[in-house]
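Below you'll find the structure, written out as structure tokens, and then a few comments.
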Amino acid sequence: AQTVTQSQPEMSVQEAETVTLSCTYDTSESDYYLFWYKQPPSRQMILVIRQEAYKQQNATENRFSVNFQKAAKSFSLKISDSQLGDAAMYFCAYSSRRGGADGLTFGKGTHLIIQP
Amino acid sequence: GAGVSQSPSNKVTEKGKDVELRCDPISGHTALYWYRQRLGQGLEFLIYFQGNSAPDKSGLPSDRFSAERTGESVSTLTIQRTQQEDSAVYLCASSLRQGVSYEQYFGPGTRLTVT
């Protein structure tokens, strides 16, 4: 079974600074997807960014980028120019390429605090 | 357009009672997923539907949990004889098709408290 580990229960960053959230995973599969989701207090999960394992290029979405290290099974999220609206729980998630039957496997999350 | 909606938003029930949680997916989405989020934890996958069929129910925590879906529309998650360990937020998501290449859109969840 796949597992996802987020070793940072909480992170704090000054507004406008850069922060990196860590995620490691364990799988025996070679083809899969990785995701970062944001969960604000409203509870609604919002997809931030995703990475396909067979793509070597790191995904980017505006101020959000990932550092995907397949051999190390590491998938960190970098948030540049942090904004107050970025404050939320962030979850790393894994899905087998076949998806569906196994849904998404989530880590326990990192609580991101933005200091004004 | 409207997103995924769930009802009720919050539910408090007594131990031993049955509860029914509802999910309305985005119109046209054929795949629907249920997750459970315990306090301070990540989401735990429970079950998914492709259309009204649930091919794999092994993720349901116990036989007190059941789920059904009417056509490609509303889904209900039923918990019988609730226990305190069932207290959690239950989240529903839908996607256009089954498969990881299709983004899952989440609802706001139902917070269930069993007293």
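The values are calculated or read from the model by the stated rules, or taken from the named source; none is laboratory data. Because the structure is a prediction, the values reported are computed rather than measured. Heads up, the Cβs are rebuilt from the backbone with ideal geometry, glycines too, and the neighbour counts pull from every protein chain shown. When the accessible area is computed, the model is the full protein with side chains, heavy atoms only, and any ligands, DNA or RNA have been set aside. Shrake-Rupley method; radii C 1.70, N 1.55, O 1.52, S 1.80 Å.
Accessible surface for chain B, divided over its residues, is 46 Å² per residue with a 1.4 Å probe. Separation of the range A:53-96 from the range A:27-41 is 9 Å, based on Cα centroids. In terms of packing, defined here as the mean over residues of other Cβ atoms within 10 angstrom, the peptides B:24-30, A:56-62 line up highest first as B:24-30, A:56-62.
Residues with beta-carbon under 10 Å from that of residue B:36, excluding residue B:36: net charge, scoring Lys, Arg +1 and Asp, Glu -1? Show your work: numbers first, answer last.
Numbers: positive: B:38; negative: B:44, B:86.
Result for the neighbourhood of residue B:36: -1.
Please report the base-10 log of the normalised intensity I(q)/I(0) for the protein assembly as shown, using a Debye sum with one equal scatterer per alpha carbon and no solvent, at each q in 0.08, 0.12 (1/Å). Per q value, in the given order, log10 I(q)/I(0) is -0.29, -0.66. Hey, what's the Cα Rg ratio for the range A:3-115 versus the globular rule of thumb, 2.2 N^0.38 Å? With N residues counted in the range A:3-115, Rg over 2.2 N^0.38 Å equals 1.02.
Tell me the trypsin sites (Lys or Arg not before Pro) within the range B:58-89 that lie in a loop according to DSSP and have at most 16 other beta-carbon atoms within 10 Å. Don't jump to the answer; show the numbers that get you there.
Numbers: sites: B:64, B:69, B:81; in loops: B:64, B:81.
Sparse-neighbourhood loop trypsin sites (Lys or Arg not before Pro): B:64, B:81.
Straight-distance candidates among the aspartates and glutamates for linking to residue B:15, with alpha-carbon spacing under 17 Å and chain neighbours fewer than 8 residues away dropped: B:63, B:85, B:86.
With no solvent and one point on each alpha carbon, what is the Debye value of log10 I(q)/I(0) for chain B at q = 0.14, 0.21 Å⁻¹? Cα-only, vacuum Debye calculation for chain B: -0.51, -1.14.
Relative contact order for the range B:1-103: what percent, with Cα pairs under 8 Å and sequence separation of 6 or more? Can you show the working numbers first?
On the way: 204 pairs, mean separation 35.8, N = 103.
Relative contact order, the range B:1-103: 35 percent.
If you take the Cα centroid of the range B:1-25 and the Cα centroid of the range B:69-109, the two points sit 10 Å apart. Interface residues of the range B:12-57, defined as a loss of at least 50 Å² in heavy-atom accessible area between the chain alone and the complex of all protein chains with a 1.4 Å probe, are B:43, B:45.
Run the dipole for the protein assembly as shown about the Cα centre, Lys and Arg Cβ at +1, Asp and Glu Cβ at -1, nothing else charged, and hand back the magnitude in debye, nearest 20.
Details: 23 positive and 23 negative charges, 37 e Å.
Value, rounded to 20: 180 debye.
With contacts taken as Cα pairs under 8 Å at a separation of at least 6 residues, chain A carries a relative contact order of 37 percent. Shielding by partners for peptide B:89-100, expressed as the average number of C-beta atoms from other protein chains within 10 Å of each residue's C-beta, is 3. Ranking A:67, A:28, A:14 by Cα position along the charge dipole of the range A:1-98, where only Lys, Arg, Asp and Glu carry charges on their C-beta atoms, puts A:28 farthest toward the positive end.
Note on chain B: with charges restricted to the Cβ of Lys and Arg (+1) and Asp and Glu (-1), its dipole about the Cα centre is near 180 debye.
Taking the dipole about the Cα centre of chain B, with the C-beta of Lys and Arg at +1 and of Asp and Glu at -1, give me whichever of B:48, B:110, B:98 is farthest to the positive side. Result: B:110. For GluC sites (Glu not before Pro), the sites in the range B:16-111 that DSSP calls loop and that have at most 16 other Cβ atoms within 10 Å are B:103. Summing +1 for each Lys or Arg and -1 for each Asp or Glu among the other residues whose beta-carbon sits under 15 angstrom from that of residue B:67 gives -4.
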